[in-house]
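Peer 1: Pasting in a structure now, in structure tokens, and then I'll have a few things to ask.
The values are calculated or read from the model by the stated rules, or taken from the named source; none is laboratory data. None of the values given here were measured: they were computed from a predicted structure. Glycine gets a Cβ as well: all are built from the backbone with ideal geometry, and neighbour counts include every protein chain shown.
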Amino acid sequence: MADMTEVRLTQVPSLGSLYAQALGRLAQTVMAMRPATALPQVRYVVDGVHADADQLAAYQQLLGEPGTDVLPAGYVHVLAFPVAMAVMARADFPLPLLGMVHLANTVEQRSPGRLGDRLDVRAWAEGLRAHRVGTQVDLVTEVSREGEILWRGVSTYLAKGKKLASAAPGEPGERPEAALPPVTGQWKLRADVGRRYAAVSGDRNPIHLSALTAKLFGFPRAIAHGMYTASRALATVGAPGDEAFRWNVEFGKPVLLPGTVTFGLAPAEGGGHTYAGWDARSGKVYFTGSVIATS
Amino acid sequence: MSKRNGASQSQPSTQSSPTPQTRRAAVVGANRLPFGKAGGTYSSASNLDMLTAALSGLVARYGLAGERLGEVTAGAVLKHSRDFNLTREAVLGASLSAQTPASDVQRACGTSLESTWSVANKIALGQIDSGIAGGTDSTSDAPIVVSDRLRRTLIKLSRAKTVPQRLQLLAGLRPGDLVPVAPDVAEPRTGLSMGEHQALTTRQWGITREAQDEIALASHHNLAAAYDRGFFDDLLTPYRGLTRDESLRADTSADKLTKLKPVFGLKGGDGAKATMTAGNSTPLSDGAATVLLASDEWAAERGLPVLAHVVDAEAAAVDFVRGEDGLLMGGAYAVPRLLHRNGLTLDDFAFLEIHEAFASTVLTTIAAWADEDWSQRKVGLPAIGEIDRSRLNVTGSSLAAGHPFAATGARIVGTLAKLLAEKKATQGEGPVRGLISVCAAGGQAVAMILEA
């Protein structure tokens, strides 16, 4: 990370234009047949990012977060993650942006951001490594205020079927499944949940928008954004008192829309909660995670 | 207006107010409508219609026409935005003095226990001498609203200045945005309906189908018997042709209840063990109920009876969102705390009124009351013990009567006050006490002690 080149962007790029860029690159890559094999040694930087009051309100109302001027940790992800996406959309990024699967996400929030804060965002890719069925990579996003890091997110993505000789060996197999927590809720997700989260997050990945566009990428119907489910879980658990916490999620099967997610949470050792979402009929697990106080 | 102002003119005071001496508010009487089934006899009646009818019946019974009361406080759970002044509008429609002030309150299914508590406290502090508490709810005339996107578009449309701006706004609407939105019975933070929540609690406490059906059967038989002996004659005003609660099945039997299929707790691996049916769960209902409260002096001056006094009340709430307790388990906290504060035990109560949101709510609540380990760990108080089931809901409760959300507390206060007065008349010396516990959405509950 030390010898990375800093690339300063004037503003947070729009995810829509990044997807369009990626679509274009998909064609180019096929033509060139010689994709890059190592991660670009660049760190993207956008200084002076501000939350938008209307977008914040829409996010809070959709996810069930308190309607205060505090930025929910999931909202900071929405605000900052496009900078990491811009790294993934680079022509020299070794994995195809479109079709990548979000495997897991960890956020460490040290102090809450607030509406009106001038936030600086840094993002880069690291940890290119083999996975059972492809190659995975971590996208790291750091959000700071006046030089102090408030929020650090690590988003782990998988490119299925993609084997890179340069990738480090991966972790062995899948972890054993933990026992599910007791049921505490049930989310009846309508067909438009993907479009609604897209509207507040800007993430208009076609797999979330409609059955038709999702079919193009091999899904029978539209699927919910993983971060929608994780952020709704965070809103349900609630941020610990002083807002310093680690919020983690691992994604399992995709949630097809419309659909019903059975939700449960349980107190975790050392304070905080673990949570999970699953299909009550089949027992398929959609996601598991935790919110743990860190101070 | 021919209504007279019943109060004397007050003189400006030059002295600071004295420290108030508290007094117990008296329950003078009560009046409710027979409760209707959703989509039944009251399907064309609004909340305001029903509250006005119940209030008018109370005014007529106690000769309050033209009287200026200190306060009328009532509410509705499913409330139309047009009813922002529901209770004041009902006062203006009843024959009370038009100078009677009114306020609206809401605490989900505990609404009219809350309004009773509020009016009783004002009387206790000497701020008012008389007041009416009540509640009304219609599930047949529930407020249906437009979708968020349509509402926002309509608001922007009203501000748009040009035709192209308006057309652009309208073009942004999708067909789905035009579908009206009915009130959701699910808890906003969990997405589970009240029945699904209670199904989880029922399973957690190991409550059987038989125990639930037994509660339901007793509710119908007790309510029918109370009607038969004329108990409700001075507690009800017939309305729209209804003289008894529409959900009451006097002829129901254990056999009939056993045949009903479960309706809650069907999802997931334990679905086959589901126990909650339409027979042991409260039906959606329409109706209104009111209670007349006053100081003893105010009642005596008018030659009105005092059925009972309000002794104390306690509200509680549980963290059902994070699964620490069942949604409807607030009564398991409110009642022990209330008894502890008043130095009373369950034996001190001649009557127990536990709102039957579901038969299993009654059973899980009394199971928690008797559980020493649970009480110590959760409430931090000793268990209050086993209840005497012969004192429980002796004239039936919500399973048989129905449950218009905001009306249930006032129904119970009126019923219990009359039961206490009856018992006091035969018992003579010594206080006769009754206990109320009403669970409410949002993990809440309200408990109250009445004494004759």
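Peer 1: Determine whether the range A:224-239 contains at least one residue that is away from chain B (no Cβ under 14 Å) and within 16 Å of A:GLY264 (Cβ to Cβ).
Peer 2: Yes, that holds for at least one residue.
For (1) within 30 Å of B:MET448 (Cα to Cα); (2) over 21 Å from the mean Cα position of the chain (by Cα); (3) surrounded by fewer than 18 Cβ atoms within 10 Å (Cβ to Cβ), each residue gets a yes or a no:
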| site | (1), (2), (3) |
| --- | --- |
| B:ALA120 | yes, no, no |
| B:ALA124 | yes, yes, no |
| B:ILE132 | yes, no, no |
| B:ASP137 | yes, no, no |
| B:VAL145 | no, yes, yes |
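Peer 1: Name every residue in the range B:172-227 that is of a type outside the set (Gly, Ala, Ser), at the interface with another protein chain (Cβ under 10 Å from one of its Cβ atoms), touching a residue at least 24 places away in the same chain (Cβ under 8 Å) and more than 30 Å from B:LEU392 (Cβ to Cβ), in order of residue number.
Peer 2: Residues satisfying the conditions are B:ARG174, B:ASP177, B:ARG189.
Peer 1: Please give the number of the condition A:LEU265 fails out of (1) without any contact (Cβ under 8 Å) to a residue 40 or more places away in the chain; (2) surrounded by 16 or more Cβ atoms within 10 Å (Cβ to Cβ).
Peer 2: (1)
Peer 1: If only one of B:ASP319, B:ASP270 is in the same structural domain as B:GLY396 (by TED's automatic domain parsing) and either small (Gly, Ala, Ser) or under 21 Å from B:THR361 (Cβ atoms) (or both), which one is it?
Peer 2: Details: B:ASP270 fails: in the same structural domain as B:GLY396 (by TED's automatic domain parsing).
Going through B:ASP319, B:ASP270 in turn, the sole match is B:ASP319.
Peer 1: Also, quick follow-up: Condition first: surrounded by fewer than 24 Cβ atoms within 10 Å (Cβ to Cβ), under 30 Å from B:LEU327 (Cα atoms), modelled with pLDDT of 95 or more and among the polar types (S, T, N, Q). Can you find one or more residues in the range B:86-108 that meet it?
Peer 2: Within the range B:86-108 (the criterion being surrounded by fewer than 24 Cβ atoms within 10 Å (Cβ to Cβ), under 30 Å from B:LEU327 (Cα atoms), modelled with pLDDT of 95 or more and among the polar types (S, T, N, Q)), the answer is yes, since at least one residue qualifies.
Peer 1: Only one residue in A:PRO40, A:PRO35 is in a loop (DSSP other than H, G, I, E, B), modelled with pLDDT under 90 and crowded, with 16+ Cβ neighbours inside 10 Å. Which one?
Peer 2: The unique qualifying residue is A:PRO35.
Peer 1: Also: So, in the range A:55-70, how many residues would count as being exposed (fewer than 13 other Cβ atoms within 10 Å of the Cβ) and away from every other protein chain (no Cβ under 14 Å)?
Peer 2: 1
Peer 1: Look through A:LEU257, A:LEU234 and report the one residue that is modelled with pLDDT of 95 or more, crowded, with 17+ Cβ neighbours inside 10 Å and more than 16 Å from A:VAL76 (Cβ to Cβ).
Peer 2: Details: A:LEU234 fails: more than 16 Å from A:VAL76 (Cβ to Cβ).
Checking each option against the conditions leaves just A:LEU257.
Peer 1: I would also like to ask the following. Any residue that is touching a residue at least 12 places away in the same chain (Cβ under 8 Å), assigned by TED's automatic domain parsing to the domain that holds B:SER219 and surrounded by fewer than 19 Cβ atoms within 10 Å (Cβ to Cβ) - is there at least one of those in the range B:426-437?
Peer 2: Yes, there is a match, as at least one residue in the range B:426-437 is touching a residue at least 12 places away in the same chain (Cβ under 8 Å), assigned by TED's automatic domain parsing to the domain that holds B:SER219 and surrounded by fewer than 19 Cβ atoms within 10 Å (Cβ to Cβ).
Peer 1: Something else about it: Please indicate, with yes or no, whether at least one residue in the range B:325-335 is more than 14 Å from chain A (Cβ to nearest Cβ), out of contact with any Ser or Thr (no Cβ under 9 Å at 6 or more places or on another chain) and either modelled with pLDDT of 95 or more or farther than 13 Å from B:THR201 by Cα (or both).
Peer 2: yes
Peer 1: Also, I was wondering about something else. Taking the conditions exactly as written (over 22 Å from B:ALA440 (Cβ atoms) and hydrophobic (A, V, I, L, M, F, W, C)), does B:LEU113 satisfy them or not?
Peer 2: So B:LEU113 does not fit the description; no.
Peer 1: Then there's this: Limited to the range B:98-156, what total is found for residues that are assigned to a helix (DSSP H, G or I) and among the β-branched types (Val, Ile, Thr)?
Peer 2: Total meeting the criteria: 6.
Peer 1: Return the residues of the range A:258-289 that are more than 13 Å from chain B (Cβ to nearest Cβ) and either under 21 Å from A:GLU65 (Cβ atoms) or part of a strand (DSSP E or B) (or both); say none if nothing qualifies.
Peer 2: Once the filter is applied, which keeps residues that are more than 13 Å from chain B (Cβ to nearest Cβ) and either under 21 Å from A:GLU65 (Cβ atoms) or part of a strand (DSSP E or B) (or both), the range A:258-289 yields A:VAL285, A:TYR286, A:PHE287, A:THR288, A:GLY289.
Peer 1: Evaluate the range B:338-346: report whether one residue or more is within 23 Å of B:THR282 (Cα to Cα) and at pLDDT 95 or above.
Peer 2: No: the range B:338-346 contains no residue that is within 23 Å of B:THR282 (Cα to Cα) and at pLDDT 95 or above.
Peer 1: Can you pull out every residue in the range B:356-382 that is surrounded by 17 or more Cβ atoms within 10 Å (Cβ to Cβ) and of a type in the set (Gly, Ala, Ser)?
Peer 2: B:ALA357, B:ALA359, B:SER360, B:ALA367, B:ALA368, B:SER375 - these are the residues of the range B:356-382 that are surrounded by 17 or more Cβ atoms within 10 Å (Cβ to Cβ) and of a type in the set (Gly, Ala, Ser).
Peer 1: Let me ask you something else. Is it the case that the range A:128-136 has a residue that's free of Cβ contacts under 8 Å to residues at least 40 places away in the same chain, closer than 25 Å to A:ARG232 by Cβ and more than 14 Å from chain B (Cβ to nearest Cβ)?
Peer 2: There is at least one residue in the range A:128-136 that is free of Cβ contacts under 8 Å to residues at least 40 places away in the same chain, closer than 25 Å to A:ARG232 by Cβ and more than 14 Å from chain B (Cβ to nearest Cβ).
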